[in-house]
Amino acid sequence: MEKIQKIDLVKVDDARINQVIDIYFHWKVLDTEIKTLSGTRGINFPSEISEYMACYALNLYVNKKGTYGDSVDMENPENPLVIEIKGSSAENIFAPNSFSPSEYFDELVFVRLEKYDDILKIYKTGVSSEDLKKIMVNANETVEDQQKQGRRPRFSIQKMIIDKYNLEPDIIFNIRSRSINRKK
């Protein structure tokens, strides 16, 4: 409990997820319109949207303060788990994700948006912040090496975790129909 005392938890109920989904569709329109100006680059998938959707689908609490993880799993109130959620909507599935120099979490959840189908694939990776430190970000450095230098390590979660360990999505969230399909 000590690790979650300085955070502000919010339960994502049906009303809140409906609001988030409405915002998601506004983001899609804006993303498309911005691409007409830039020619290629749109707007990154907002973490607020991916985090709220993942929390809804996984029955987690959102951490509104944004410190000490993005969310908390309160399934066992005596031992709440800090969850870090990283999302991607990039057309290149191996686009890099970045991490802060001082990350702490019990589990990393990866959220992959299939934007054209409005499908969110949610992976519970089983990777903690301690496990993350061992991942190589280039030929000579680990995540931990770069964190110790005060840098933001960047690597592809899809390549270095999802594909490497042959992970399948734990949940597929159909945004349009608001349906949740859990892995059997």
For segment 152-167, name all the residues that are touching a helix residue (DSSP H, G or I) at 6+ places or on another chain (Cβ under 9 Å) and assigned to a loop (DSSP other than H, G, I, E, B).
Arg152, Pro153, Ser156, Leu167
Looking only at segment 122-141, filter to residues that are touching a Leu at 6+ places or on another chain (Cβ under 9 Å) and in a strand (DSSP E or B); which one of those is surrounded by the fewest Cβ atoms within 10 Å (Cβ to Cβ)?
Lys124
Identify all residues within segment 92-120 that are in contact (Cβ under 8 Å) with a residue 40 or more places away in the chain, surrounded by 16 or more Cβ atoms within 10 Å (Cβ to Cβ) and outside any loop (DSSP other than H, G, I, E, B); write none if there are none.
Asn97, Leu108, Val109, Phe110, Val111, Arg112, Leu113, Ile119, Leu120
Say whether the condition of being in contact with a Leu (Cβ under 8 Å, 6 or more places away or on another chain), farther than 21 Å from Tyr165 by Cβ and free of Cβ contacts under 8 Å to residues at least 24 places away in the same chain is met by at least one residue in segment 60-67.
no
Checking Phe94 against (1) closer than 19 Å to Arg152 by Cα; (2) under 14 Å from the mean Cα position of the chain (by Cα), which test does it fail?
(2)
Take the residues in segment 97-128 that are among the small types (Gly, Ala, Ser) and at pLDDT 95 or above; name whichever of them is nearest to Asn174 (Cα to Cα).
Gly126
How many residues does segment 47-69 contain that are within 11 Å of Glu107 (Cβ to Cβ) and either hydroxyl-bearing (Ser, Thr, Tyr) or touching a helix residue (DSSP H, G or I) at 6+ places or on another chain (Cβ under 8 Å) (or both)?
1
Cβ-Cβ under 8 Å, sequence separation 6+ or interchain: first residue in segment 27-53 and without any contact (Cβ under 8 Å) to a residue 40 or more places away in the chain and exposed (fewer than 12 other Cβ atoms within 10 Å of the Cβ), partner part of a helix (DSSP H, G or I) and of a type outside the set (Gly, Ala, Ser). Which pairs?
Arg41/Ile34; Arg41/Lys35
Over segment 69-89, the set of residues buried (at least 18 other Cβ atoms within 10 Å of the Cβ) and either of a type in the set (A, V, I, L, M) or assigned to a loop (DSSP other than H, G, I, E, B) (or both) is Gly69, Asp70, Val72, Pro80, Leu81, Val82, Ile83, Ile85, Ser89
Condition (residue is among the aliphatic types (A, V, I, L, M), modelled with pLDDT of 95 or more, loosely packed, with under 12 Cβ neighbours inside 10 Å and not in a strand (DSSP E or B)) applied to segment 17-25: is it met by at least one residue?
no
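The values are calculated or read from the model by the stated rules, or taken from the named source; none is laboratory data. Since this is a predicted model, take the numbers as computed values, not measurements. For neighbour counting, all protein chains shown are included, and Cβ atoms are generated from backbone atoms with ideal geometry for every residue, glycine included.
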